Amino acid sequence: MIVFFSILSIIFIIMCLCIAILKFSIIKVKLINFKIKDFKDLETIVMLIKKKEYVRIFEYVDFKLKLQIYFFNKIIIFTAKVTDEKIEKFLRKQIKKNKLKKEEKELKNFEEEDKNQIKKDIKKIELEKLDLFIEIGTENASITAIGVTTLNVLIASFLPFIVYKEHVREKINIDNYKYQVNPVYIDKSAFYINISLVLSIPIINLLNLIK
């Protein structure tokens with residue numbers, strides 16, 4: 001009888017811990033140095049997206065991911081590092097095993113209640129840090145200048161809507177959000193982008209999004 005209650009107590013404690021982790025934990029996705037190195041690679045990526053050959057995109061980008069789970073947003077209880085090569089290898093392996101279908105899946109017909117829940121979950125995603133660097137150039141100096149100015153205006157206009165959410169407004173540090181768009185004046189088209197960022201989302205909201 002003592003053994004039975006001991007096992008029951010252990011199961012109860014484990015269940016309580018699992019519930020606490022789901023309720024009070026946050027997963028942080030750290031994208032480190034996402035790079036597209038030239039205009040030709042960018043054109044190829046756009047072409048692959050149109051053809052729905054999504055796995056091949058990883059051949060033309062370079063990045064690392066760091067996934068961390070924080071308990072009460074302070075204690076790290078899990079860490080994993082992933083590179084673009086590992087993601088590509090994993091996806092190709094899954095395709096060979098027929099666990100992923102190449103054809104596009106039909107979108108689920110969400111009820112209005114589901115749509116509202118998704119909106120709430122997306123609002124819980126926080127952009128904690130952003131470091132964005134872009135270089136663009138065309139054969140025409142005027143077009144390059146206009147393009148750089150337009151990009152700067154667009155980023156400056158949309159970034160506040162992404163960052164300044166009511167539930168995190170008090171803890172925003174403006175120094176965590178940096179971007180720079182530079183012109184490249186050469187006799188051919190040029191493009192380079194490097195992004196590092198940190199996203200955080202409560203695990204319970206993440207489960208709602210991926211279910």
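The values are calculated or read from the model by the stated rules, or taken from the named source; none is laboratory data. It should be emphasised that the depicted structure is a prediction, and the values quoted were computed from it without experimental measurement. Don't worry about glycine lacking a Cβ; one is built from the backbone with ideal geometry, like all the others, and counts go over all protein chains shown.
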message = Of everything in region 36-60, what is in a loop (DSSP other than H, G, I, E, B) and in contact with a helix residue (DSSP H, G or I) (Cβ under 9 Å, 6 or more places away or on another chain)? Give them in sequence order.
response = E53, Y60
remark   = Inside region 61-91, the number of residues satisfying the requirement of being part of a strand (DSSP E or B) and touching a strand residue (DSSP E or B) at 6+ places or on another chain (Cβ under 6 Å) is 18
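Residue check: is N109 farther than 23 Å from I49 by Cβ, surrounded by fewer than 16 Cβ atoms within 10 Å (Cβ to Cβ), more than 22 Å from the chain's Cα centre (by Cα) and modelled with pLDDT under 65? Before you say what the answer is, go through the steps one by one.
Working: farther than 23 Å from I49 by Cβ: yes; surrounded by fewer than 16 Cβ atoms within 10 Å (Cβ to Cβ): yes; more than 22 Å from the chain's Cα centre (by Cα): yes; modelled with pLDDT under 65: yes.
Yes: the conditions hold for N109.
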message = For a quick check of your reading of the model, give me the residue pairs whose first member lies in region 44-56 and is without any contact (Cβ under 8 Å) to a residue 40 or more places away in the chain, whose second is among the hydrophobic types (A, V, I, L, M, F, W, C) and buried (at least 16 other Cβ atoms within 10 Å of the Cβ), with beta-carbon atoms closer than 6 Å and at least 6 apart or on different chains.
response = I45/I57; L48/I57; R56/L48
ask   = If the Cβ limit is 8 Å and pairs must be 6+ apart or interchain, which residue in region 139-153 that is more than 17 Å from Y179 (Cα to Cα) pairs with which residue that is of a type outside the set (S, T, Y) and exposed (fewer than 15 other Cβ atoms within 10 Å of the Cβ)?
value = E139/D187; E139/K188
